[in-house]
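A short worksheet on the structure shown next.
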2 protein chains.
Amino acid sequence: MTPAPEHVRSDVWTALRECRLWRSAADAAITELARAARIEEVHRGARLIAEGEPAVEFAVVVAGRIRVFHLGADGKRIAFETLDAGDPVAVIAALAGGRHPANAEAVTPAILAWLASETLWELIAADDQVAREVISDLANRVVNFTGVVHTLALDVPSRLARYLFQRALGVGQPSSRGLEIDLGMSKTDLAEALGTVPETLSRAFARLRDEQLIEVQGGRVIILDVRAIARLGSGYSEG
Amino acid sequence: MTPAPEHVRSDVWTALRECRLWRSAADAAITELARAARIEEVHRGARLIAEGEPAVEFAVVVAGRIRVFHLGADGKRIAFETLDAGDPVAVIAALAGGRHPANAEAVTPAILAWLASETLWELIAADDQVAREVISDLANRVVNFTGVVHTLALDVPSRLARYLFQRALGVGQPSSRGLEIDLGMSKTDLAEALGTVPETLSRAFARLRDEQLIEVQGGRVIILDVRAIARLGSGYSEG
DNA sequence: TCCCGGACTTGACCGCAGTCAAGGCACGCG
DNA sequence: CGCGTGCCTTGACTGCGGTCAAGTCCGGGA
């Protein structure tokens, strides 16, 4: 990749360059974005976006990890997505033109590059290819949401199986007993990501273990019966 | 509105003209679409799209009503949306380029105008304003999906209250006792739309009635306490 | 007028999962 | 070495909601 020009922060430039919304944009346009961006550094736990606020800006994650979630009336959380460097934040509200539909907070110390919503529309208008990338991204988000809805309709062991299977597709390592994976987060965090609580997740692990489908050793899981896990995670038959 | 040219079906032309994805397209472009479209007439109950099929076409509803839903492993349905004349069908898969993420079936006899997925991309490339409309539509779909996820996290009486409130915003008529609305579908259908079954919906109606929040007379409901219904439907403070 | 079928309601039952409470286990610090 | 603090697990309880079964109401047809 082209290095950042000297007069902009290189971490900001790199994150913007990697953002999937405008892969096809020229380096000069990225530099312009980097110059226009308002850089914000936040501590762990900072609330970046509150549901219902009018959306006038969106951001790109420069460093750290952001979690996007919905807050139920009783304070219960529903996790939507986890964002890392290069991922766009709050772009939906920017494009839909209304209020933020969800909350975002930093789960690690983080740096964000904020841009005016209108900036994104200008990029789209200026470059057909960017329009295409934005449309693809949005369409894929909708597809992912249908998956989220699907998942929420399953019971917890099935949701867990689904997670294990999809994670195995990514980081699965064949081992002597089966396919070995690392959970990638604490079980408490996984419980939240699956829309449940640690106690129930623990029982779900126990049940899959009792049925000889998996073995659990701390944060590592060996999938003994991949077919059964895939089936439990509800007919995920695609590649 | 400009009438349809004589050499294309006027119902098809009208439905295409009203499609929200390309409001700004020229009449000539609509005529071209109408000519290119493959017209399909289906009976009530026909399955139009099956989840997992490769997406090579999308459609616009010319007449009738289409229901889009997800099918759980056990055959349980999750309703996503209901489409009428002028609404686009399966546009997500066309733009995401993969397989259909949901099923669609006709709930009444229906007529559809099918177009190649590539046709939509051509329209987008040819007209910046169309790109803008498509992006807005997609962004709003994502926002709506966050609402669906939110709703599924509520208990059934709250989901019902949410539906009643939103419907009241649309077709509510002030009456002597309160705001009167027509459910717009059978209670069995409403149960499915709310992700539950008739028995549970019936109990939810009974509970709201017992709490003096509504009165029910067949397919008509009088909302006695709009504030309470709005609050139950979970702090819907907008518009 | 009688009968039938479909929509809706009500009651009884039960399983899943969230909550509360009580432990077990590992790690780090004094 | 002992203790505290998270993280995880297990048990007991409860409430929501889906299922099964029965019963009511209403409109259409013979």
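Residues of the range A:114-130 that are in contact with a Phe, Trp or Tyr (Cβ under 7 Å, 6 or more places away or on another chain) and either at the interface with another protein chain (Cβ under 10 Å from one of its Cβ atoms) or open to solvent by 30 Å² or more (accessible area, probe 1.4 Å) (or both): A:Leu120, A:Val130. Among residues that are surrounded by 16 or more Cβ atoms within 10 Å (Cβ to Cβ) and within 30 Å of A:Ile92 (Cβ to Cβ), A:Glu133 is included.
Of the residues contained in the range B:52-66, one or more are found to be surrounded by 14 or more Cβ atoms within 10 Å (Cβ to Cβ), farther than 19 Å from B:Gly98 by Cα and in contact with a Lys or Arg (Cβ under 9 Å, 6 or more places away or on another chain). Restricting the range B:183-194 to residues that are away from every other protein chain (no Cβ under 14 Å) and in a helix (DSSP H, G or I) leaves a set whose member that is farthest from DNA strand D (Cβ to nearest atom) is B:Asp189. Of all the listed residues (B:Gly45, B:Gly52), the sole one being at positive phi and under 18 Å from the mean Cα position of the chain (by Cα) is B:Gly45. Residues considered: B:Pro157, B:Pro174, B:Pro109, B:Pro101. Of these, the only one that is open to solvent by 10 Å² or more (accessible area, probe 1.4 Å) and facing chain A (nearest Cβ under 9 Å) is B:Pro101. Would you confirm, using the coordinates I've provided, whether B:Thr188 is polar (S, T, N, Q) and surrounded by 19 or more Cβ atoms within 10 Å (Cβ to Cβ)? In short, no. Of all residues being within 14 Å of chain A (Cβ to nearest Cβ), assigned to a loop (DSSP other than H, G, I, E, B) and not polar (S, T, N, Q) in the range B:195-235, which is nearest to B:Leu154 (Cα to Cα)? Just the residue, please. Filtering first and then ranking leaves B:Gly233. Each residue in the range B:194-221 was checked for being more than 12 Å from DNA strand C (Cβ to nearest atom) and either surrounded by fewer than 13 Cβ atoms within 10 Å (Cβ to Cβ) or closer than 25 Å to B:Ala104 by Cα (or both), and 3 of them qualify. Put simply, of B:Leu232, B:Leu224 the only residue that is surrounded by 13 or more Cβ atoms within 10 Å (Cβ to Cβ) and touching a helix residue (DSSP H, G or I) at 6+ places or on another chain (Cβ under 9 Å) is B:Leu232.
The values are calculated or read from the model by the stated rules, or taken from the named source; none is laboratory data. All of these numbers come straight from a predicted model, not from anything done at the bench. Note that we place each Cβ from the backbone using ideal geometry, even for glycine, and neighbour counts take in every protein chain shown. Heavy atoms of the whole protein, side chains included, go into the accessibility calculation; ligands, DNA and RNA do not. Shrake-Rupley method; radii C 1.70, N 1.55, O 1.52, S 1.80 Å.
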